[in-house]
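First comes the structure, then the notes that go with it.
Only the coordinates and a few stated rules stand behind these numbers; no lab work does. This one's a predicted model, so the numbers in the text were calculated from it and none came from an experiment. Ideal geometry is used to build each Cβ from the backbone, glycine not excepted, and the neighbour counts take in all protein chains shown.
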Amino acid sequence: MSILKNLVGAAALSAVALSAGGAVAQERIALVVKSLGNGFFDAAADGAQKAAEEIGGVEVIYTGPTSATAEGQIDIVNSLIAQNVDAIAISANDPDALVPVLEKAMDRGIKVISWDSGVAEEGRMLHLNPSDTALIGETIIKLAADYLPDGGDVAILSASSTATNQNAWIEAAKEVMPEKFPNINLVSVVYGDDDSVKSTNEARGLIQSYPDLDAIIAPTTVGVVAAAQVVTDMDLIGQVNVTGLALPSEFKQFIDNGASQAVALWNPIDLGYSAVYLAHQLVEGATAEPGATLSIGDVGEITLDDTNSAAMAAPFTFDASNIEEFSKIY
Ligand code: RAM
């Protein structure tokens with residue numbers, strides 16, 4: 001893979017920017033993720049690289065902190081400003097904390113977009129959501145409710161407590177629950193920080209605190225794996241259903257062993273691919289403004305709403321009938 005991983009700092013300054021075909025890249029787009037070592041972001045980086053190859057003359061710098069914190073991302077963005085990259089496409093660990101450093105980047109002429117997990121409007125030129133926020137919120141509750149015909153107690157294991165995307169989905173879920181899922185009772189929301197160890201401890205804590213828990217909903221690909229492993233290890237398969245947003249390649253084993261009935265997600269490869277297409281168009285001079293329609297290559301096009309945001313396709317559900325097939329793709 002020709003992606004230059006975590007190339008931030010002095011080394012990057014002396015690196016020769018090569019595009020996929022070996023030609024000297026004229027444009028450098030940084031794909032900044034919540035944290036490295038997350039399979040979801042690795043898949044997005046594959047999509048980003050695919051877009052760079054299609055466009056030509058574009059180098060993707062795939063980078064992120066080792067743990068999912070805003071502080072780590074601020075350091076990285078400062079480094080990218082020093083390297084004078086052309087664009088920064090960030091999945092943010094906090095909607096507000098990144099704004100000053102991203103404003104600084106934009107002041108220097110760097111195009112800034114957020115994708116997956118947004119930053120506040122003043123910190124970016126546009127934001128790309130993987131799917132409609134209200135729809136994701138409803139989907140994560142429905143995934144649990146579908147297997148609880150008589151209702152029951154559910155808990156949410158989220159990512160970090162400041163993650164823009166998970167917080168928006170949880171809010172949307174809470175809003176839709178009274179009307180559409182009146183017999184589902186949300187007993188707790190805990191945060192595993194997209195860290196396997198912390199997510200595992202939080203999942204164990206939920207099971208200990210709520211012995212009658214019927215389902216754990218983890219709207220994070222890291223948390224959902226940790227929760228399903230805990231349910232497996234504690235011999236609770238059939239008692240506590242684990243669901244949420246999962247990468248099929250990482251999660252198939254837990255559909256197979258019955259720790260989960262079904263999960264959902266969108267295509268992370270398409271998401272990273274689209275982020276690079278959008279950043280590239282801004283570098284080329286496109287204007288991000290309400291009503292603007294921008295190409296996302298093979299994936300189609302998006303139209304910006306009045307907050308300069310757009311959403312991609314509906315989430316897709318994976319269960320025993322199809323997870324094998326999808327696990328081969330992402
Ligand atoms: C994790 C991250 C990411 C989120 C997915 C569903 O990988 O928190 O931001 O979109 O889960």
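Some observations on this one:
- Protection proxy ranking, highest mean first, for peptides 119-125, 48-54: 48-54, 119-125, where packing is the per-residue count of other beta-carbon atoms within 10 Å, averaged.
- Within the chain: Cβ-based charge dipole about Cα centre, in debye rounded to nearest 20 (Lys, Arg +1; Asp, Glu -1): 640 debye
- Along the axis of the charge dipole computed for the stretch 133-265 (Cβ charges of +1 for Lys and Arg, -1 for Asp and Glu, origin at the Cα centre), the listed residues V154, A226, I237 are led at the positive end by A226.
- Alpha-carbon centroids, the stretch 31-81 and the stretch 148-172: separation in whole Å: 26 Å
- Values of log10 I(q)/I(0), in the order q = 0.10 Å⁻¹, for the chain under a Debye, Cα-only, solvent-free model: -0.56
- Within the chain, helix-based [θ] at 222 nm, where runs of 4 or more DSSP H residues each add -39,500 (n - 2.57), nearest 500: -12500 deg cm²/dmol
- This ranking places L128, L213 by how few other beta-carbon atoms lie within 10 Å of each, fewest first, which gives L213, L128.
- Sorting the Cα pairs of the stretch 202-290 by distance into bins of 5 Å, from 0 upward, gives 3, 14, 22, 16, 11, 7, 7, 7, 6, 5, 2, 0 percent per bin.
- Given charges at Cβ of Lys, Arg, Asp, Glu: the chain dipole, positive-most of T139, A215, A92: A92
- Farthest positive-ward along the chain dipole, Cα basis, beta-carbon charges - from F40, T164, A262: F40
- Exposure proxy shown here: for V58, V197, V224, the number of other Cβ atoms within 10 Å sets the order, fewest to most, as V197, V58, V224.
- Proxy reagent accessibility, fewest Cβ within 10 Å first, across M177, M234: M234, M177
- Prolate/oblate/rounded label for the stretch 133-265 (Cα gyration tensor, a/c 1.5): rounded
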